[in-house]
1. Mind telling me which of the residues GLU150, GLU169, GLU126, GLU111 ends up being among the acidic types (Asp, Glu) and modelled with pLDDT of 90 or more?
2. Quick test of your reading of the structure: MET61 fulfils all but one of (1) surrounded by fewer than 16 Cβ atoms within 10 Å (Cβ to Cβ); (2) of a type in the set (A, V, I, L, M); (3) under 25 Å from VAL132 (Cβ atoms). Name the failing condition by number.
3. Restricting to region 2-40, give me the number of residues that are within 19 Å of ALA89 (Cβ to Cβ), modelled with pLDDT under 90, of a type outside the set (Gly, Ala, Ser) and surrounded by fewer than 16 Cβ atoms within 10 Å (Cβ to Cβ).
4. For region 74-84, does any single residue satisfy the condition of being part of a loop (DSSP other than H, G, I, E, B), closer than 19 Å to VAL9 by Cβ and not aliphatic (A, V, I, L, M)?
5. In region 133-150, what residues are surrounded by 14 or more Cβ atoms within 10 Å (Cβ to Cβ) and either in contact with a His (Cβ under 9 Å, 6 or more places away or on another chain) or of a type in the set (A, V, I, L, M, F, W, C) (or both)?
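The values are calculated or read from the model by the stated rules, or taken from the named source; none is laboratory data. The shown structure was predicted, so the numbers you read here are calculated from the model rather than taken from an experiment. Please note: Cβ atoms are built from the backbone with ideal geometry, for glycine as well, and neighbour counts cover all protein chains shown.
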Amino acid sequence: MEFPLLGEVSHLYPREYEIGRSGVRLAGEIMGVTLDPNEAVALAMHLVNAQFATPGLTFTMQMTETISRSFEVVEKAFDITVDRRSMNAARFITHLRYVFARVSANGQLSEPRPTLFDAISNAHPEAMACAVKVRYFIEMAFQATLTADETAYLGLHIARLTMDVRRSE
């Protein structure tokens, strides 16, 4: 069986991937079963999925692909390379995962006035332009429309990520 998301899973969910690797090793030690080492990917995906209480792996696969595409959009827009194992990337991933959870629970952040959106748009116009592109991938993957506030927070996190990456270069 092929695991096309090996790279993404090992970078985006390193803790779950390491637990999956331990599971593969323990299956051999305790039960005498030889599993393909790449089964750690499947185990990691199940662990990630369990955090969101959704049946099947469809949601987790959509989330993983969308996170990967989000990084690609940010890297291209700002001509940077994000170390996906860094704390900066982990914070961005965590924010995206909360966005996905709110989208799936129909509980997005939303204020009646666009104050936050306007403030972040004025302070970080490039990050907001990038956030609109990332929003498109999220909306396509989850067949939902992101609120202005969700987009604003996404822009804020993109601004923070890019500033941190540029500082560390």
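1. Numbers: GLU150 fails: modelled with pLDDT of 90 or more; GLU169 fails: modelled with pLDDT of 90 or more; GLU111 fails: modelled with pLDDT of 90 or more.
After applying the criteria, what remains is GLU126.
2. Answer for MET61: the failing condition is (1).
3. Of the residues in region 2-40, 3 are within 19 Å of ALA89 (Cβ to Cβ), modelled with pLDDT under 90, of a type outside the set (Gly, Ala, Ser) and surrounded by fewer than 16 Cβ atoms within 10 Å (Cβ to Cβ).
4. Within region 74-84 (the criterion being part of a loop (DSSP other than H, G, I, E, B), closer than 19 Å to VAL9 by Cβ and not aliphatic (A, V, I, L, M)), the answer is yes, since at least one residue qualifies.
5. Within region 133-150, VAL134, PHE137, ILE138, ALA141, PHE142, ALA144, LEU146, ALA148 meet the criteria.
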